[in-house]
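The values are calculated or read from the model by the stated rules, or taken from the named source; none is laboratory data. Source: prediction; values computed, not measured. Using ideal geometry, Cβ is built from the backbone for each residue, glycine included, and neighbour counts are taken over all protein chains shown.
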Amino acid sequence: MSVISFKETHDGRGASAAITSKEQSRSERTRSFRAITNSIYDGPDAVANWMHTNNPGSDSSPITLGAAHPTLAQAFCQKIDIKNFPKSKVVFLVTVTYSTDPIVASGSPANDPAEITWNTEQFSRRFEYDFSSPARGITNSAGVPFDTPPTDSDCFWVATVKKNVSFLPSWILNYRNSINRTPFMLDSVLVGTFCGWMKAISIGRVNYRDTATGQVAYRPLQLTIACKSGNQLRSVTGGPTPWGTPCGPISDDWQTYLLDEGRLATQSNSSLPNYGSTLPIANADGTASRDKKPLDGTGNVLASPSPSNVVFIPYLLKQVQEFNLLPLT
């Protein structure tokens, strides 16, 4: 049982165009074919299976879901309708509809371009510095920070990337709640080091698409990446710390910056026997200080501390991964 004839017919050919929104339009094309089988027991599935393994178009082009129209390359096959001709059990009428709708893709699902959308997400945070240039510490008129720093809303950009993958990728186990090790491109935007945070990963169920080589399995992948600008918010530097970490400046990224302060400090006077030891910070009268004192990033007490010269130490509280390896295009 097989298809012995498959020819394009003139009746049923059509074209249409429509404006779907203020920014988008859609064009459609329709082609018609007549298929003849060699058995009265053949049904629409026999015709469909034959079309999957042959290039039956009059121009030798494949006629499968996702295939491009022969003269309108931007339109892809969206629908194939196969019906038995009422007057013959071996004759079938095939109607193929093509569309430029962007949800219709061609070829292997994994080759579909990524669909990326952007939105902002708000959160509430404390502010120790304002957005002046240079940034000013938020203090009272005496230059002393408020006991409770002001809280206000802030926001960051969130990119949602939808991409088809051929199988469940093993890297998803390591990329959860991670930030980027090096700069990477996301939808023509360069995201700086530590400025991209993998906020969420979603993998859908297995789907199938008919292609010229048969059915291809794929799974829809969705990555939610929160992005910050990487702009420098504060230029004060210090350190390096005893473990080699440079202190400051503070940037708009996903590192965590903690004020370098404490009740203990490193003895920096080399003439004393306890040089290099960690000792309680003493007040002017020699008693141990009950209050935390700002440090300079190397473990020593910061001289003449003020909001303009205190030191912050950056920490990576999220695992770091290479985002350039992700399917983002």
Query raised in the report: Counting only residues that are assigned to a loop (DSSP other than H, G, I, E, B) and closer than 13 Å to GLU261 by Cα, how many does the range 285-329 have?
Result: 17
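Please pick out the residue among THR53, THR64, THR30 that is among the hydroxyl-bearing types (Ser, Thr, Tyr), in the same structural domain as SER99 (by TED's automatic domain parsing) and at pLDDT 90 or above.
Checking each option against the conditions leaves just THR30.
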Query raised in the report: How do the strands (runs of 3 or more DSSP E) wholly within the range 165-226 filter down when requiring 1 or more residues that are among the acidic types (Asp, Glu): which remain?
Result: 207-211
Report summary line: Exception for ASP130 within (1) farther than 18 Å from THR224 by Cβ; (2) touching a residue at least 40 places away in the same chain (Cβ under 8 Å) falls at (2)
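Is it the case that the range 169-177 has a residue that's at positive phi and either among the polar types (S, T, N, Q) or outside the structural domain of VAL206 (by TED's automatic domain parsing) (or both)?
Among the residues of the range 169-177, at least one is at positive phi and either among the polar types (S, T, N, Q) or outside the structural domain of VAL206 (by TED's automatic domain parsing) (or both), which makes the answer yes.
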Report summary line: The residue that is surrounded by the fewest Cβ atoms within 10 Å (Cβ to Cβ), considering only those in the range 163-216 that are more than 30 Å from ASN54 (Cβ to Cβ), touching a helix residue (DSSP H, G or I) at 6+ places or on another chain (Cβ under 7 Å) and not hydrophobic (A, V, I, L, M, F, W, C), is THR182
